[in-house]
1. Could you say whether any residue in region B:712-729 is buried (at least 24 other Cβ atoms within 10 Å of the Cβ), β-branched (Val, Ile, Thr) and either within 16 Å of ligand 2 (Cβ to nearest atom) or at pLDDT 95 or above (or both)?
2. Which fully enclosed strands (runs of 3 or more DSSP E) of region A:7-122 have 1 or more residues being closer than 25 Å to B:GLN547 by Cα and within 13 Å of another protein chain (Cβ to nearest Cβ)?
3. Looking at region B:80-106, which of its residues are free of Cβ contacts under 8 Å to residues at least 60 places away in the same chain and more than 9 Å from ligand 2 (Cβ to nearest atom)?
4. Kindly indicate whether any position in region B:65-76 is at negative phi and in contact with a Lys or Arg (Cβ under 9 Å, 6 or more places away or on another chain).
5. Being outside any loop (DSSP other than H, G, I, E, B) and over 30 Å from B:ALA420 (Cβ atoms), is that true of even one residue in region B:703-718?
6. Any idea which of (1) under 25 Å from B:LYS323 (Cα atoms); (2) not in a loop (DSSP other than H, G, I, E, B) is the one B:LEU104 doesn't satisfy?
7. Test B:GLY622 against the criterion of being more than 33 Å from the chain's Cα centre (by Cα), more than 16 Å from ligand 2 (Cβ to nearest atom), free of Cβ contacts under 8 Å to residues at least 12 places away in the same chain and more than 14 Å from chain A (Cβ to nearest Cβ), and give yes or no.
8. Considering only residues that are more than 10 Å from ligand 2 (Cβ to nearest atom), part of a loop (DSSP other than H, G, I, E, B) and either within 35 Å of the chain's Cα centre (by Cα) or of a type outside the set (Lys, Arg) (or both), which ones fall in region B:107-130?
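The values are calculated or read from the model by the stated rules, or taken from the named source; none is laboratory data. Predicted model only: the values in this text are computed from it and were never measured. Because the Cβ atoms are built from the backbone with ideal geometry, glycine has one as well, and the counts that use them run over all protein chains shown.
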Amino acid sequence: MSTKTQWQAVCKVEDLIADSGIAVWTPAGPVAIFYLPQQIPALFAVGHFDPFSNANVIARGITGDLGGEPVVASPIYKQHFSLRTGVCLEDDSVRIPSYSVLLDGDSVLLEVPVENRSEAVA
Amino acid sequence: MSKKNLIVIGNGMVGHHFLEQIVETEAAAGFNIVVFGEEPLLAYDRVHLSEYFGGSTHADLAMGTADWYAEKNIDLHLDEQVTEIDRDNKRVVTPKGSYDYEELVLATGSYPFVPPIKGNDRPNCLVYRTLDDLDQIRASAEGGKVGVVVGGGLLGLEAANALKSLGLQAHVVEFAPRLMPVQLDDDGGALLRRKIEELGVQVHTEKATTAIVEGEDCRLRMNFSDDSHLETDLIVFSAGIRPQDTLARSSGLDVGERGGIVINNQCATSDANIHAIGECALWDQRIFGLVAPGYTMARTLAGALNGDSEAAFTGADMSTKLKLLGVDVGSIGDAHGQTPGARNIRFNDEATGVYRRMVISEDGKTLLGAILVGDNGPYDTLLQYALNGIELPASPEALILPESEGGAPALGPDALPDTASICSCHNVTKGDICGVIDAGCCDLAGVKAETKASTGCGGCSALLKNVVDCELEKRGVEVSTDICEHFPYSRQELFHLVKVNGVRTFRQLITEHGKGHGCDICKPAVASILATVWNEHILATDHVALQDTNDTFMANMQKNGTYSIVPRVPGGEITPDKLIVLGEVAKEYDLYTKITGGQRIDLFGATLSELPEIWEKLIAAGFETGHAYGKSLRTVKSCVGSTWCRYGVQDSVGMAILLEERYKGLRSPHKLKMAVSGCTRECAEAQSKDIGVIATDKGWNLYVCGNGGMRPRHADLFATDLSDEELIRAIDRVLMFYVRTADRLQRTSVWMENLEGGLDYLKKVVLEDSLGIGEELDAHMATVIDTYQCEWKTAVEDPEKRKRFREFVNDERKDPVQQWTQERDQRRPVTEAETA
Ligand code: SRM
Ligand SMILES: Cc1cc2nc3c(=O)[nH]c(=O)nc-3n(C[C@H](O)[C@H](O)[C@H](O)COP(=O)(O)OP(=O)(O)OC[C@H]3O[C@@H](n4cnc5c(N)ncnc54)[C@H](O)[C@@H]3O)c2cc1C
Ligand code: SF4
Ligand code: FES
């Protein structure tokens, strides 16, 4: 599959919530963006879709760190996903997509594939 | 393939249970099942027979329904006694016809033994076994004053209670020197006798009846061998049971010397096509006069008929625990110490009327049996010891000594047998957990990964942690009570840190006392502590990221990412207008609507963005949040109480509303449930709640630390006949003490069991203020109550907070994965199978 990507503005800085997540629509499907002001970098983006419950809920999980790894816990069955790689800490055969994200002025930019990848939407 | 005829004789408790089992097997498809019952009524619960006098009907006691029999294609012949088994032609005969069988099951139960006393067949001489017997007793009691039960065993005492409840002056006549000779010893029997006599039932022991003749003052007179006599209007014989083996005898099956149809481990009689189960069966020279062994036989036989070669009945435990005329009586295993070398430990408190005896093995290591009269508190713990051969502690007497004398409180997870189910989602037993620990797992996470325990609904996590900690500790592994890797403290220690140092935010706490950034364990725990101590809005900016999604969005997340809405309905009382609003809102948003187990209404399927709109409407109609998402007060269930109910002695609804309004905002280590019943009939099930209140004619009885759920526990009686003010003060203090000292996600039941000194200690703290913190607790509760706000009201009024409820911040589109279908006229999420 082609990996052509583009940076796209998905929301404003005032939409973010410190130490927590929000969800945005992207051509790659729903993405969860987390803002952890105490971490460097402070922004993380992973898929919003939870493969354990098949629901779009990841942005509503609790964030934190386990053994130094920044993580989010799925709000449904509580598995932890690395915010850097998307890998599930309880079962490393499961991985949710992770995206590059950065702040440009007051815009949050996300690097997403150009084509609509349907499996990410599920 | 033509079907075989399977005939069951007897439609009693065990016969019915057998049917329930067999229809679930694959073999069922190969059978035409025909059942004969001599009684005119469908199988009913004989164990609770006496409730018939308390107002229960046959329908209440029935074990199945005619519809169920029809649905399962079982051909049921009631009121049709089998009179003959023709084994040569494989046929049973009844007055209405004869029926062929390939397999035959005898579940004929037993009949009451009536001692051969002259005059025992006079009118008003009755027995106590069937509903028909009870009708006769009721009829006979009418117009009578005195009733006698012959036989002071378990059933006899139950019958005596029944006579008493029919308004008769009740007597028990026992041939042996003490009551319940099978289960109790002399001291136990004597205490039971004293207690029963205090209740107004007269007990006559060592009395042999020689004749029953016409009475002078009453209908009958019983003459005894010591020349004394007793006048009575009716006699109930309850002198033991005899297996109903008439058919087996007449058809030449092997029966025991003293009756009972001989069976092997597969419940087959001496004829391989004839089986016997329940009280009519004799296994290893023993009859089992209890229902549980009968059920085990029924399951065994269903398995055997289904070709399961492992199915075997291998005996059963006959320990019993009951309340006879309100008096606790328990008997476990070898209660009389008949095992060679057995030794006894006895505790006999005549002042409070508590007798306890333990029978222990010669080496002092195992518990062989026990007798309890007056208080069954230690029964469960003792039974676990006896059944599972758990090694006794060094000073076993602690198990039966009262706690003030240094007795041990109920055992924690240690007392659970290896077979105890810990996680029902993944069918993990305590034994499985010990297994993986022995194989090298050395922490909770490892055990979870290996056994999958607690990875389903997660409901078992607290119990799992208890078991794992306890097992690790037993193996010498130091178990950290740290809440998680971010804080080297337990919840209680964190509580103190927050309070003493005036910590107001999570960040402050972790910077000063922890490390890292926190996680989904410590954040909600600290949020709950902060809420209890300072009671700020949970969506205040500093707290918002600490909460589980349920708390963040003040609604419970469902499996498809939508939420449920549960408005508070204090005490379960609701006006028609409010009901209409609920209906209108549910209709407008197409919400699945259900009455909950907590006397309120749950609306399911709201999306994140709909939540504030819906709540705006509900609040306008006068509703408040029900905290169904929070670790806080859920509902105060009530019964209708004295306002309407003919038995009610206090206004239970009023009290329930008062309690619900008072404690509705309180954040606690785990959820809290309460209930108020208007009289001792206990329709609100208060004894299963964290706080249970039952009305008395003088005030209220308070029960604490009950639990339903996964590990049910009856609440303990805490104080009696309290006034409204006394009641509220006691509850205030119990709750505040709990909130301050309990561990994270610890219900009051577990908290109390782990509290050093247990119930007595809690009573001292709350009722006698032994720690001198009473006023502080009161003041703290007052602050919590004063600072209450409806979180939803605050949230919908604040545009900043409302922003949180956007599903996607850059788009108004709905969540694309939520798919719905209709069922029973309502909307529900599609199942995985339906999506595929
Ligand atoms: C809605 C309801 C079932 C129903 O349709 O009747 C329900 C639903 C849930 N129960 Fe319950 N329980 C409901 C009554 C009960 C009862 C009965 C009662 O309260 O009288 C019990 C047993 C009594 C008790 O708690 O002692 C009960 C014992 C549990 C437990 C086990 C608690 C325990 O100590 O073992 C859990 C799991 C937990 O809390 O950890 C649980 C958890 C849940 C959760 C919150 C599970 C979850 O996280 O999704 C369910 C979510 C409800 C929702 O989305 O709104 N629910 N649950 C009932 C709501 C009552 C209410 O109006 O608030
Ligand atoms: C008042 C009372 C309290 C009790 N309390 C307890 C308790 O607390 N705990 C406990 O474990 N047990 C208790 N028991 C005992 C319990 O009820 C029995 O163990 C249980 O009912 C046995 O079930 P069963 O099916 O073997 O016999 P039953 O329930 O007696 O059923 C046998 C059925 O077969 C029918 N039958 C017999 N012969 C024929 C025939 N030839 N043709 C057709 N039908 C026939 C009988 O009419 C009867 O309906 C109590 C019993 C009583 C009476
Ligand atoms: S508990 Fe008492 S008052 Fe309440 S409904 Fe039942 S019988 Fe009536
Ligand atoms: S996860 Fe253990 S009971 Fe559900």
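1. No, because not a single residue in region B:712-729 is buried (at least 24 other Cβ atoms within 10 Å of the Cβ), β-branched (Val, Ile, Thr) and either within 16 Å of ligand 2 (Cβ to nearest atom) or at pLDDT 95 or above (or both).
2. Here the list reads A:20-26, A:29-35, A:43-47, A:62-66, A:69-73, A:80-82, A:107-113.
3. Once the filter is applied, which keeps residues that are free of Cβ contacts under 8 Å to residues at least 60 places away in the same chain and more than 9 Å from ligand 2 (Cβ to nearest atom), region B:80-106 yields B:ASP88, B:ASN89, B:ARG91, B:VAL93, B:PRO95, B:LYS96, B:GLY97, B:SER98.
4. no
5. No, there is no match, as no residue in region B:703-718 is outside any loop (DSSP other than H, G, I, E, B) and over 30 Å from B:ALA420 (Cβ atoms).
6. Status for B:LEU104: all satisfied but (1).
7. No, not satisfied.
8. Result: B:PHE113, B:VAL114, B:PRO115, B:PRO116, B:ILE117, B:GLY119, B:ASN120, B:ASP121, B:PRO123, B:ASN124.
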